[in-house]
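I have placed the structure first, in the form of structure tokens, so that the comments after it can refer back to it.
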Amino acid sequence: MKHIFLTLLLLIGILASCAPVDLNAPLPTYDTGVDPNAWATVPAGQFLYGQFSDPASIDYDYQMMVTDVTVSLYVDFLNAALADGTLKVDGNQIVGFYPGDVFHGVKHEVRIDPGDYIIVPTDDPASRFTFDGTIFTVVPGYENHPMTNVSWFGAWDYCGYNGYRLPTEMEWEKAARGSTDDRPFPWGDEIARDNANFYASRDPFEDMSSFGSRTTPVGFYNGNAYDGYVTLDSASPYGLYDIAGNVWQWTGNVYEGQHYRYMRGGSKDTYDMDLRVWVHNNATPTYYSPGVGFRCLRNP
Amino acid sequence: MAKRLSYLFRSTKGLILVAIAMIALETAIFGMLSGPLAELGVRDFVVRLLRMDLVQAEREGRIIILYHSIAMAVVAIETYMITSLLKMKEFYKLSVRMLITVGYILTMIFGMFFAYWGHFWPFHGLYITGLSLIFFAGVLLVIALWPWNKEYYQPDKSYARTKKGVDVERVAFFATALTTVISALFGAVPGSFYGNGFETFMAQDIIRLPEKTTMEYSIIGHLHIMLALIAIMITLIIGRWLNFKGILHKVAMPLIILGTIVLNLGVWGVATPLEPIAHMIIYVGATPAMLGALMLVIFTWDKLIREGVASIKKPNGWQKLKALLRDPLRFGPTWQMVFMNFTTSFIGIFMAVRLEEIFRVWPAHEERIELTGHWHVLSAIIATIILLYYGDMIGLKGKIRQWYGWSLIVLSDIAFGAVTIFEMKRLFIPEATQQPLVNTLMLMMDLGLGMLLVVLAMVMIWRLVDLFKKKGRWTEEVDHELSVEVKQ
């Protein structure tokens, strides 16, 4: 009897782990009231940088997107750039030209030569857009969610196409942390479940028994209540939303001797510790994931 | 009371019991601050209940102190075992034990108070004092183990010995202890450099930086070699307990000595201009050391089988297997050494071979999971080996011996296997559809490790209750030395 029980338990466990995941499971739709086309100004000046709060300074004003680039905005870009020839279809991916990086031959460095590189995959079921061979369309409900499954080249291209650029890690961190103190999170010293979308944060878009964590609409954590789910207003000192959590954000630095590109902010899939403003992640620039997006910077 | 204190702090088995209890207590408390318990809200409750003072920027520093305090207790346990298993002058035995006991207790208590309950700097001083005492205990142990003293020559030709009679196994203990003391400096120097213990970093977070400072390399080398040396030392200890001898012993001991020395040279090389070839030296060192451990495995399994089928004229395979598995406490330590290869060594080699397809493509955080996963599994495997030996040491018999032994083996291996699959999941499942698999693996890890801790807690409670008995088991253990309990 004992053996049968244990075997059954094991079988249930194995079957549960193999259960198919519905990537298009229904999701609630909320208008957060935060405009994804809005920009926030980050003034020139000193701030505290990194885990140990080293004094740093940026001597120019700049503007950062208040939210991550949404799926809707990105799909508009894809359609426009595909139509005018900036981007093209190459098999099961959209590619765009990148002028390449200087190769320094450092150990483990991978050469990034001028050429076409992946912008987005067209056949990944985890993408929040569809492509019929000509036109891109947003998966309904995800219009105001952050764009994901986009490579660094895709982020770089989007910003460049619109006359913007990706923020450097320093610019990103100043925008996230502000310039008055050494806070570890954009909103202050501590993190609660209602501050941001992170792993097992129990937001209305999450189901840890099935698909796990999903993105929340941009600006979701603005102090509003959504069908009884009350969020904390978690804007950064300069008014940026989702700068910590939801999706990792590509940054623009190309470091000498490295092909890796850096991301900031943590994501829906990471523990709260990775939402601290100084934590970074990195990956090869062709990498894309349902947990990686970006926002752009422009000079005023 | 005096008798009980004397048992706990002067006898071999009492000292080991105290150290295991300290680790169990620390693991139980601080394990609630991470992993699944954090998600369930247990962390916040514990932090409030115990009034911990956790500053976000200091997380890495706290964890480093936590790792060190646990590691020091493990080093103390190994030291108690060595000083009880090997011949040495009473003065050294007493001195080493006294220094390391005071050292690890200071390290654990004051280190943790400093790290988790605000920065009361005298506590930091006591934490450093503890570490320093352990270092001096190590130096004394090296002196005590000096193998070229005729008193310690090996008269029995069935053990590895030189023509003059030098005990080669003792040389292996000596080499491991000596290199451990030297390797400790590779952590102590950068530890001092990074000052207050908090402006530091976790090695897995800087692994992809193409340029690292000497101090950073030193820390990376230190954390790797210390764990490797703790593993080599427990291999030697288990070998002595199981009375490793014969031709395999004669081959294994020189291999372990060679492997240990070369491995250390490679790791020390990481912090020197030898860095570009350091990994190659490490591979060259690791191979003979692991081969030496393999010989111990073969010897032990062969011995267990031969003893188990001694009464059967022509034993078949099934009978041999039953003989091998009949005593989990004697089979377990070497099985865990074999299992370690599936969860750490083979994974490391596989990753190294497919470096371009894995680490050059995966994001850094996936690589971090793999690195921390294999490090934790290796540490925990060493802990289970110690606990298996401890089970024999405290005289578990009959069904309790079977339950205790097999619980440790099966539960830990379920957890470690799950960790290994978790580390490697990106090879066979995309991020978007991983959650059900992750849930199952998490359940296996938590169930395995949780139940294992329950088993350990039961043993600890039994030992605590026993201490209240006038003629408890502790009274028998007061004079026990491990050297007289070596399996013949």
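The values are calculated or read from the model by the stated rules, or taken from the named source; none is laboratory data. Everything numeric in this text was worked out from a predicted model, so none of it was measured. Using ideal geometry, Cβ is built from the backbone for each residue, glycine included, and neighbour counts are taken over all protein chains shown.
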Can residue B:117 be described as touching a strand residue (DSSP E or B) at 6+ places or on another chain (Cβ under 6 Å) and under 30 Å from residue B:44 (Cβ atoms)?
yes
Give the residue that is surrounded by the most Cβ atoms within 10 Å (Cβ to Cβ), with candidates limited to residues of region B:337-373 that are closer than 14 Å to residue B:203 by Cα, among the charged types (D, E, K, R) and within 11 Å of chain A (Cβ to nearest Cβ).
B:367
Please verify whether region B:438-453 includes one or more residues that are more than 16 Å from residue B:35 (Cβ to Cβ) and modelled with pLDDT of 90 or more.
no
Against the condition within 14 Å of chain B (Cβ to nearest Cβ), touching a residue at least 40 places away in the same chain (Cβ under 8 Å) and touching a helix residue (DSSP H, G or I) at 6+ places or on another chain (Cβ under 9 Å), how does residue A:167 come out, does it pass?
no
Do you know which residues across region B:426-465 are within 13 Å of chain A (Cβ to nearest Cβ), in a helix (DSSP H, G or I) and more than 30 Å from residue B:19 (Cα to Cα)?
B:426, B:431, B:432, B:433, B:435, B:436, B:437, B:438, B:439, B:440, B:441
Enumerate the pairs (first residue in region A:255-278 and at the interface with chain B (Cβ under 7 Å from one of its Cβ atoms); second residue anywhere and β-branched (Val, Ile, Thr)) with beta-carbon separation below 8 Å, excluding pairs fewer than 6 apart on the same chain, so at least 6 apart or on different chains.
A:257/A:106; A:258/A:106; A:260/A:284; A:273/A:279
Among the listed residues A:203, A:181, identify the single one that is in a loop (DSSP other than H, G, I, E, B), over 21 Å from residue A:271 (Cβ atoms) and within 14 Å of chain B (Cβ to nearest Cβ).
A:181
Within the group B:223, B:227, which residue is under 23 Å from the mean Cα position of the chain (by Cα) and either surrounded by fewer than 19 Cβ atoms within 10 Å (Cβ to Cβ) or of a type in the set (Lys, Arg) (or both)?
B:227
Per the list (1) away from chain B (no Cβ under 14 Å); (2) farther than 16 Å from residue A:247 by Cα, residue check on residue A:210 breaks on (1)
